[in-house]
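Report on the following structure.
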């Protein structure tokens, strides 16, 4: 009746053994690096908790402290869970999920005891690396996290060797982990290219990322674009199929701002039925050009294109005001191809469109309206009115400045009549206000202007600092016409050198100060080189989506295969690769040996084929005698070969030449 | 061979039975399966893949593929860790029942790669870990509790490795054609039989008498302190035992018949104890048991012969 | 110099028939400045060999027959009071020779044995508080009957270690034995021998032996052999560093005799059974291995 006392002898399980200390230390180092970038994004208490637990664990390993009790661990787990919930008000989503994963990982360190626990921590660590990519897909982040993967893999090796560091194989571990990663690379390439990309998302993503993105917005209050002017961040990159158009044609159209309250400008209300209208046909005055844009995620729907788009990318919509919109927000790097006609003429203005293009708040900017009315009297045509306005900007002391004075009261009045210093949005807003005041339909267009040509990558780089605002007016004879009031400001009144450049040339390497020319150009070269690398990275790695995959497959001649054939090819390729790798790994020639020994081995193996004993314990002299007995015809040759070897290996008169001669002689030797 | 016996797992694994000489781990002997950690990692990889799809994140794809490939490559490495390894075992030294026997196994790494974390042990027992440098051979002693007397086959040994990443378990079963000889446990309450069985020999003895000094020899544990050469010790010549001889020799015939009343195993143990004692007191002795008669003799070989006879009593030789 | 070696060997071979290898080994042992233990039954020419060696090399020779009543003083010598001078005068024992044959060493008591062995180890003798150096070169050839004979005191392991090499002579082969039986006996030939070398020449030879080249590759192999002896489950104890050094010296002497100025793995293999044979004890049987079995075991070590 003592069945409960019967205890089976405890069965040994490999993964239940205690994790070796040196392995745990490697693991801690790897974890620290895994968590580090996440810590920059996470609340202070999470950072503190993680670092505290890591430090505690490190001390525990060295000082042999005991693990805390279960109750304590449970309590801590609940506390941290609650903390995360209160922080984000949800446990779902990327931010909360990452925090939770980070905390769980740290918690697991508190109870880590067996090899299995350690392995779990490493597996979670790999997952955390992945969540790092969801935040940042840049090259640097990629390289950093790759090194983290290497470190995690090394920890796995150390843990599974478990000799408590007696063999001093530290370098060996690292070398082996690197070798495994390198050997995996061809496989990775095949998988990356051939695994069919399923367009995501599989489930709706809560878009709660707190990180702000620079870029244009659907509103413009005076002074907004100035904020972007100092940002070096890349907005998008463009590859042209043909020639790059002249700089003054490079207007990358973004949101169109119709509505104004006198100070702020905004796009039409989301519900406005006008938004649903598609672009009208227009007259092409030149050939269409084709180009593809790699757009960095800006968390908005709009896509940037040159005026005017004739062939829009898939899954996008060209509005009546020629703004190109994607069906979803651009949360990932997005690449699209567009065709545009740079010279055009359109000739249809809907009544409601006219009404929207003349909207001005009733009592705002009285002085401006008065001026507009005055010009209306003078001008015989709308065209002349535009010229009057431009002349006003050109001949009055208007300055183009990145640091315009703050405008109070009626901002346009103040800008036009007293401050006379402003950035593009000041000019665009003032110009449109003037036009509308004079009864000419007008609207503000925001977007980017120009770009920087990169010779290395043969593409145009558009930065946030290229953000721009300009105006469009409706002229009876030519339809909507682009007017950029900033362009009329004479160069001597442009304060910043960069701004002077931007309207003249895509190559902004004309220099101010000839003495620093080489330094500056070197810096520019480096910068552009780096950007070219980045561009390739975004194009081929980050932006490698379904379409890019299809394009590549077409180029490889696999374009018209169905998914099963593709998977079949992939499996075959992988098998072939693995077979090659196994051959390499399992039948590796004895590479590590020095060349002399290698040649000697070759000699012995050749003789062994003719029945000469190749036992490893045989010395050269005995071997030589055996071989001479077996192959009496080649006695002399064998004798001289072995004597040569003996001279090289067992006497002190060895020279590199003699060694080379021996190796050559072995190569020539046939039996 | 019928299909069912082909599919018989045990047969598949143990196809060869016990083997003599050196055995080389070839492809047919090595098995490999993912470990529990490997399966978990597979699931994590799947989760990563889903995340990559969901966030449409190329680097997440890349990481997933990298880790998948690393896992696959690690399988090759794990397999390679065992492939080609050469093993052989030596007959373990005989011990008495109740002691621990050591089975020496020689592992030789013929390749030019270091092999790390190769584990060797009885099934379900904590293994011993060996690292082998290129072209290096190593002896490992596997401990084996000697439970009962007799000659026992050493049984199945598992050789396995989870190196490098622990996601795969590559193993091989070894059956060495060596057997372990276990002597009976020397026990019993009876002292070594005295006079009636001791006979006077004609040969003269080897320092077992007490009449004349015939020389000295190095001290062996168990020598009487009365015979110790204290003077030599004082001169730092080491421990020497003085030997005395006479014309009387102690010969003892240890026989089954002396122990009529006991059970077989008790008898064997008692006889074993006597043999041990007789050897320790440098007697000349013989052994008579049913099925074996060992004439009077002395020395290591004789001793082993007697113990082996006792160990194998009632068993097939 | 190699010519000298050839003449020496030739002369020795003319006296002791059919034992070329053993003679070379004995000479190698001498050139390596080690002592030699010959283990064999009486009557196979142990005494003749030592005598021939002494004569050929021009060494001062003395022979000590060990018996159970031999005392240390009989070997080392003693201080004797002399009436005329009224002083103690030291009478040197037979050990003060360049080549000492200790015949049937296992017949003497351990005390006497160790007196000789201590002299061998230290190259000097301390009597009555006075230290007297032994001549240079000093070479002991001890013979030992196989230990199973009655009334012997086998040398303990620690004492065996003092001998660089142990060889067996064995019976001569049929041809040699026939020549032996039909011709003059070795002892008669002995008297006709003349010295080939002088003491300084011999010392020079020894000097040359130590200059035999030895590369790292060979040291690797030697280390592997030593390591194996310590690790393999065949031996109850491994070879000591001193044995390793001895093996290297002996192998160098062998290479020198073979006419080479560099060492080959084969030299180590050749000498290993003779240098290690009396030092390694089988773990199983508790006895020494014979040469072939021992060499076979060491075949597990690959030549690097």
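Here, each number is a calculation from the coordinates, and none is a lab measurement. Computed from a predicted model, the values in this text were never measured in an experiment. Cβ: placed from backbone, ideal geometry, glycine included. Neighbour counts: every protein chain shown.
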Cβ neighbours within 10 Å from other chains - mean over A:139-145: 1
Shape call, region C:62-103: gyration tensor on alpha carbons, a/c limit 1.5: oblate
Cα-based helix-to-principal-axis angle, A:424-437 vs chain A, degrees rounded to 10: 30
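Can you sort A:452, A:353, A:477, A:243 from fewest to most other Cβ atoms within 10 Å of each residue's own Cβ? Kindly include the intermediate steps, with their values, before the conclusion.
Numbers: A:452 24, A:353 20, A:477 10, A:243 7.
Sorted ascending by nearby Cβ count, the order is A:243, A:477, A:353, A:452.
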Inter-label distance, nm, simple model (7 Å from Cα along the C-beta direction), residue B:47/residue C:230: 5.0
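Give me the inter-chain shielding for A:614-621: mean count of other chain Cβ atoms within 10 Å, whole number please.
Working: counts 0, 3, 10, 11, 6, 10, 4, 7.
Mean shielding count: 6.
Based on the Cβ-Cβ distance from residue C:92 to residue B:300, what FRET efficiency comes out when R0 is 41 Å, to the nearest 0.05?
On the way: r = 43 Å, r/R0 = 1.04.
Given R0 = 41 Å and the Cβ-Cβ separation, E is 0.45.
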Over chain A: Kirkwood hydrodynamic radius from C-alpha pairwise inverse distances, Å: 31.6
Largest to smallest principal axis extent of the C-alpha atoms in region A:367-419, angstrom: 36, 21, 13
Counting all C-alpha pairs of region B:12-183, share separated by more than 28 Å (%): 36
Theoretical ellipticity at 222 nm over chain A - DSSP helices of four or more residues, -39500 (n - 2.57) apiece, nearest 500: -15500 deg cm²/dmol
Stokes-Einstein translational diffusion, region A:537-652 - Kirkwood Rh over all Cα pairs, 1.567 mPa s, 4 °C, in µm²/s: 68
Average projection area in nm² (convex hull over Cα atoms of region A:47-192, one quarter of hull surface): 10.6
Förster radius 35 Å - calculated FRET efficiency between residue A:29 and residue A:594 (Cβ-Cβ, nearest 0.05): 0.50
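Inside 10 Å of the C-beta atoms of B:156-165, what's the mean count of C-beta atoms belonging to other chains?
Details: counts 0, 0, 0, 0, 1, 1, 7, 6, 12, 10.
Other-chain Cβ atoms within 10 Å of each residue's Cβ, averaged: 4.
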Inter-site label distance for residue A:587 and residue A:241 at 7 Å from Cα along Cβ, in nm: 5.0
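So how do C:121, A:472, B:304 line up by other beta-carbon neighbours within 10 Å, fewest first?
Details: C:121 13, A:472 25, B:304 18.
Listed from fewest to most nearby Cβ atoms, that is C:121, B:304, A:472.
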Antiparallel DSSP beta bridges within chain C, as percent of all bridges there, nearest 5: 40
Nitroxide proxy distance, nm - points 7 Å out along Cα→Cβ at residue A:13 and residue A:579: 3.9
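Compute the whole-percent fraction of alpha carbon pairs in region C:34-129 spaced more than 15 Å apart.
64
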Between region A:233-269 and region A:387-431, the alpha-carbon center distance in angstrom: 20
Shape of region B:87-204, Cα gyration tensor, a/c cut at 1.5: prolate
Rg and Dmax of region C:164-211, Cα atoms only, in Å: 16.3, 43
Globularity ratio of region C:2-201, using Cα Rg and 2.2 N^0.38 Å: 1.07
Helix A:70-88 axis, angle to chain A major axis (alpha carbon atoms, nearest 10°): 20
Debye intensity ratio I(q)/I(0), log10, region A:595-668, q values 0.11, 0.14, 0.25 Å⁻¹ (C-alpha model): -0.24, -0.39, -1.24
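Can you tell me what percent of all Cα-Cα pairs in the protein assembly as shown are more than 46 Å apart? Write down the numbers at each step before the final one.
On the way: 513598 of 833986 pairs.
Summing the P(r) of the protein assembly as shown above 46 Å gives 62 percent of all pairs.
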Highest average packing first - A:52-61, A:415-424, A:556-565, C:45-54, Cβ atoms within 10 Å: C:45-54, A:415-424, A:52-61, A:556-565
Percent of beta bridges antiparallel (DSSP, region C:59-133, rounded to nearest 5): 65
Between region A:450-495 and region A:618-632, the Cα center-to-center distance that results, in Å: 87
Nearest 10 degrees, 0 to 90: helix A:546-555 Cα axis against chain A principal axis: 70
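Which FRET efficiency, nearest 0.05, do residue B:100 and residue B:156 yield, Cβ-Cβ r, R0 25 Å? Mind dumping the intermediate values first?
Values: r = 19 Å, r/R0 = 0.75.
For R0 = 25 Å, the calculated efficiency reads 0.85.
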Taking only Cα atoms of region C:211-300, radius of gyration then Dmax in Å: 12.8, 40
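Rounded to the nearest 5, what % of the DSSP beta bridges within the protein assembly as shown are antiparallel ones? Mind dumping the intermediate values first?
Values: 117 of 145 bridges.
Antiparallel bridges make up about 80 percent of those DSSP assigns within the protein assembly as shown.
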